[in-house]
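Here's the structure we're looking at; comments come further down.
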Amino acid sequence: MSVCSAPGRVCLFGEHAVVYGEPAIACAISLRAKVSAKKSKKTEIKPNTARKSPYVLNAVEEMRTLVGFEDVSINVTSEVPVASGLGSSAAITVATLGALNKEFCAGLTDREIAALSHKVERSVQGLASPMDTMTSALGGVLVIPDGRKLKNINCDIVVGNTGARSDTREQVRKVAVFKKKYPDVTSQIIKTIGSITCAGENLIARGDCERTGKLMNMNHMLLDALGVGCSELTALADAARKGGALGAKITGAGGGGCIVSITRQPDVTARAIKKAGGVPIKTKISEGLKYE
Ligand code: PMV
């Protein structure tokens, strides 16, 4: 039996804009999905859920095409909350391909697993950038789409979960409709998010958390302008800032799900998020795909 784990992620800059070719910066977090794969007499996935199984089945098919095995039994557990903007599907896809890679000695590198996982995400959900799968496979703080590693940000990360569901497909479609209706304005917003990401990269490289936080706040407002915000997300971002965060923004698709904040006072920020009705998650920058 082969076991692999892979992390969820937060997006520090650039979600949605990354779908239109702008850069993004994402960061692997300490919440992980764990998958075991074992040669078997029939192919089965445990637990078999409508939400996750399409990713696992698709990953099995991709690996079967590559190395030609018969059947496999897959067991999935995950700490990454689903439909929350934390890249839960990518974590499961990457961990599944990692476990299959080991079980059937396919010899894929982490970058090859990232690319194959992106293919799986695209076939299951249609439009998908390489952000989640690349971050989950490679870990650390990454510039997408190049996969360039940045140094770890020098302060704490506190996530705030609204508990409301975030539907990636729906939010990505919403932005596409917006872009069709208001092409000039929407393209400008997307380009500006791209500029914020580039400026954010320089600040992260210089270790300037204060100004990185300010740019995260700006990025939040532009996501709001794209129509993917909601009152719960803004309430948690405001609460985090009032609770000492240097910056706070939506992470992932939005419409619900989570905010991410960077802070030097993680306990104070977490308490403020809780008081505003969210579930705080204190997390750390983490490694990518791990063969257990
Ligand atoms: O909410 P999540 O974790 O599925 O993240 C979606 C991120 C988007 O930029 C909105 C879409 C993508 O494929 O990059």
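The values are calculated or read from the model by the stated rules, or taken from the named source; none is laboratory data. Note that this is a predicted model, so its numbers are computed, not measured. Here Cβ is always computed from backbone atoms with ideal geometry, including for glycine, and neighbour counts include all displayed protein chains.
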> Taking the stretch 39-63 as the region of interest, how many residues are surrounded by 15 or more Cβ atoms within 10 Å (Cβ to Cβ) and either over 26 Å from the mean Cα position of the chain (by Cα) or closer than 30 Å to LYS282 by Cβ (or both)?
Replying inline: 4
>> So LEU66 ticks every box in (1) over 30 Å from GLU232 (Cα atoms); (2) within 15 Å of the ligand (Cβ to nearest atom); (3) more than 15 Å from the chain's Cα centre (by Cα); (4) free of Cβ contacts under 8 Å to residues at least 60 places away in the same chain but one. Which box is left unticked?
In response: (2)
>> Of everything in the stretch 101-119, what is within 21 Å of CYS27 (Cα to Cα) and either among the hydrophobic types (A, V, I, L, M, F, W, C) or modelled with pLDDT under 95 (or both)? Give them in sequence order.
In response: ILE113, ALA114, ALA115, LEU116
>> Just checking, does the stretch 147-167 include any residue being without any contact (Cβ under 8 Å) to a residue 24 or more places away in the chain, more than 15 Å from the ligand (Cβ to nearest atom) and under 18 Å from CYS11 (Cβ atoms)?
In response: yes
> Is the stretch 24-32 home to any residue that is at pLDDT 95 or above and among the β-branched types (Val, Ile, Thr)?
Replying inline: yes
> What residue, among those in the stretch 114-133 that are in contact (Cβ under 8 Å) with a residue 60 or more places away in the chain, surrounded by fewer than 24 Cβ atoms within 10 Å (Cβ to Cβ) and more than 8 Å from the ligand (Cβ to nearest atom), is farthest from SER88 (Cα to Cα)?
Replying inline: SER123
>> For ARG173, only one of the following conditions fails: (1) modelled with pLDDT under 95; (2) within 14 Å of the ligand (Cβ to nearest atom); (3) under 17 Å from the mean Cα position of the chain (by Cα). What is its number?
In response: (3)
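Inspect the stretch 84-107 for any residue being of a type in the set (Lys, Arg), away from the ligand (no atom under 15 Å from the Cβ), outside any loop (DSSP other than H, G, I, E, B) and touching a strand residue (DSSP E or B) at 6+ places or on another chain (Cβ under 7 Å) and give the result as yes or no. Steps first, answer last, please.
Filtering the stretch 84-107 down to residues of a type in the set (Lys, Arg) leaves 102.
Add one more test, that the residue is away from the ligand (no atom under 15 Å from the Cβ), and what stays is 102.
Next, from what is left, pick out any that are outside any loop (DSSP other than H, G, I, E, B): 102.
Cutting the leftovers down to touching a strand residue (DSSP E or B) at 6+ places or on another chain (Cβ under 7 Å) gives us 102.
There is at least one residue in the stretch 84-107 that is of a type in the set (Lys, Arg), away from the ligand (no atom under 15 Å from the Cβ), outside any loop (DSSP other than H, G, I, E, B) and touching a strand residue (DSSP E or B) at 6+ places or on another chain (Cβ under 7 Å).
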> Which members of the stretch 128-143 meet the condition of being assigned to a strand (DSSP E or B) and over 21 Å from SER5 (Cβ atoms)?
Replying inline: VAL143
>> Just the residues that are within 16 Å of the ligand (Cβ to nearest atom), polar (S, T, N, Q) and crowded, with 24+ Cβ neighbours inside 10 Å, please, taken from the stretch 233-290.
In response: THR251
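Residue-by-condition table, conditions (1) of a type outside the set (D, E, K, R); (2) in contact with a Pro (Cβ under 9 Å, 6 or more places away or on another chain); (3) closer than 24 Å to VAL158 by Cβ:
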| position | (1), (2), (3) |
| --- | --- |
| MET63 | yes, no, no |
| VAL72 | yes, no, no |
| VAL82 | yes, no, yes |
| SER136 | yes, yes, yes |
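Run down ALA114, ALA199 and say which single residue is out of contact with any strand residue (DSSP E or B) (no Cβ under 8 Å at 6 or more places or on another chain), closer than 30 Å to VAL3 by Cα and assigned to a helix (DSSP H, G or I).
ALA114
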>> I'd like the residue in the stretch 102-113 that is surrounded by 16 or more Cβ atoms within 10 Å (Cβ to Cβ) and among the charged types (D, E, K, R) and, out of all such residues, is farthest from THR65 (Cα to Cα).
In response: ASP110
> Of all residues in the stretch 260-292, how many are acidic (Asp, Glu) and in contact with a helix residue (DSSP H, G or I) (Cβ under 8 Å, 6 or more places away or on another chain)?
Replying inline: 0
> When the stretch 157-183 is examined, which residues are found to be of a type in the set (A, V, I, L, M, F, W, C), over 20 Å from GLY21 (Cα atoms) and crowded, with 17+ Cβ neighbours inside 10 Å?
Replying inline: ILE157, VAL158, VAL159
>> Can you say whether GLY14 is buried (at least 24 other Cβ atoms within 10 Å of the Cβ) and of a type outside the set (A, V, I, L, M, F, W, C), as far as the supplied structure shows?
In response: yes
> Consider ASN154 against the criteria (1) at pLDDT below 95; (2) farther than 30 Å from ALA99 by Cα; (3) surrounded by 16 or more Cβ atoms within 10 Å (Cβ to Cβ); (4) not hydrophobic (A, V, I, L, M, F, W, C): it satisfies all of them except one. Which criterion is unmet?
Replying inline: (3)
